[in-house]
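As structure tokens, the structure follows; a few thoughts come after it.
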Amino acid sequence: MSDQPRMPDPRMIQVNQAPSWFSPNTPTPPAPEPVAEEPFVRPFIVTGGRTLPLDERLRIETLVVANGAALSAPLQFEPATVVRMCQQPRSVAEIGAALRVPLGVARVVVGDLLAAGHVTVHQTTDLSVATIERIRDLVRAL
Amino acid sequence: MKIVISGGFGVGKTTLIGAISEIEPLVTEAAMTEKSVGVDNPGALSDKHTTTVALDFGRITLDSSLILYLFGTPGQDRFVFLWDDLVEGALGAVILVDTGRIEDCYPVLDYFERRDTPFIVAVNYFPGQERFELDEVREALGVDEAVPVVACDARDRESVKEVLVAVIEQVLLARLTAPPQVSATH
């Protein structure tokens, strides 16, 4: 917890000050600047406010592969985008980058698709020494 | 499968990833988790942007079934809370060091010395910079003899390849000397 005193809310009436709405000299607040940027959407709107994925195993490098059949499933924009891009294996991190959402959101979206059977995930668990040697040789040959 | 590239701010992590990645390094955002409360408490009045942090990453497709991701970790120690998520399951890690600002990598080094993830130290030589002997760098960092210290040029693909091979060799060595216990099944 913070040790600092709680700051007053700017909406509160200041101590020792008359409520400003009675004052005839009240300056009208300046009109808000027109917003030129694209509208800000809170990230977890996409997930209906959920922050925990249905599947806890999803790591940032977990590979996601979509079923071809899922392409014709009636899906919302984000899951549909995931299904399209994951016709090739793509990591959760790439999905986050493509959707321009934080990783936590990407995990929830992928978790939902997984639960619905639209995607499968490939998680590398303990690699064998032979596999690591193969990785080394493939990197060397790049 | 992933390898984590860590080191102080501005040491060339993104450059290193870009030198070998088949895609332009991408940026994703990781949000702060509950674990971070108390570590990096933004406070009720702070700017909300401090609660997310950008991660750079690149991809190397080795063959149809093996894709290697390189993740650059934010070097500042106030992002330590994130490293657990990043490093969990990583094959190994590279700690990139700039000899001009050697102290920048201390928090990263401390972190990896406490973990089981195999790692190496790669000294990124910037052009025109005084070149220290690798043994001097090792001494300055106080890293164990068992941890390889290699020189590299983060802009050079061949050099970065050698760094990655070196870290994978270190993973193999760790595997052969101390076989890992059977991990919890997923």
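For the residues of A:128-139, the average number of beta carbons from a partner chain within 10 Å of their own beta carbon is 6.
What nm distance separates the two modelled labels at B:Phe9 and B:Ile102, each placed 7 Å from Cα along Cα→Cβ? Result: 2.2 nm between the two label points.
Suppose the Debye formula is applied to equal point scatterers at every Cα of segment A:80-120; what is log10 I(q)/I(0) at q = 0.14, 0.24, 0.28, 0.31 Å⁻¹? Log10 I(q)/I(0), no solvent term: -0.24, -0.73, -1.00, -1.19.
Annotation: peptides B:153-166, A:123-136, ranked by per-residue average of other Cβ atoms within 10 Å with the highest first, follow the order B:153-166, A:123-136. Legend: mean number of C-beta atoms from other chains within 10 angstrom of residue C-beta atoms, peptide A:74-87, equals 0.
Amide H contacts for A:Val119 (H built 1.01 Å from N in the peptide plane; partners 5 or more residues away or on another chain; cut-off under 5 Å): A:Asn67, A:Leu114. In a reduced charge model with +1 at each Lys and Arg Cβ and -1 at each Asp and Glu Cβ, segment A:48-122 shows a dipole moment near 80 debye about its Cα centre. In this calculation the C-beta distance from B:Glu24 to A:Arg42 is compared with R0 = 30 Å, giving a FRET efficiency of 0.60.
Counts of other chain beta carbons within 10 angstrom of each beta carbon in peptide A:60-73 average 2.
Compared with the direct C-alpha span, the chain from B:Arg155 to B:Thr177 gains 4.6 nm at full extension, assuming 0.36 nm per residue. With each label modelled as a point 7 angstrom along the Cα→C-beta vector, the B:Ala146-B:Asp110 pair spans 2.2 nm.
When the label point is put 7 Å from the Cα of A:Asn67 along its Cα-to-beta-carbon vector, which residues of segment A:41-61 have a backbone N closer than 19 Å? A:54-55, by backbone N distance to the label point. Taken about its Cα centre, segment B:80-174 carries a charge dipole of about 280 debye when Lys and Arg each add +1 at the Cβ and Asp and Glu each add -1 at the Cβ.
Cα convex hull of segment A:55-94: how many Å³ per residue? Given the Cα convex hull of segment A:55-94, per-residue volume reads 72 Å³.
Starting from the Cα of B:Leu66, step 7 Å toward the Cβ, then list every residue of segment B:144-167 with an amide N under 18 Å from that point. Output list for this probe position: B:160-167. Sorting the segments A:49-60, A:93-104 by their mean number of nearby beta carbons within 10 angstrom, highest to lowest, gives A:93-104, A:49-60.
Using only the alpha carbon atoms of segment A:48-122, find the Kirkwood hydrodynamic radius as the inverse mean reciprocal pair distance, in angstroms to one decimal. Taking the inverse mean of 1/r over all distinct Cα pairs, segment A:48-122 comes out at 11.7 Å.
Throughout, read-outs are computed from the coordinates displayed, never taken from laboratory work. Here the structure is a predicted model, which is why all the values come from computation and not from measurement. Neighbour counts run over all protein chains shown; Cβ positions are idealised from the backbone, glycine included.
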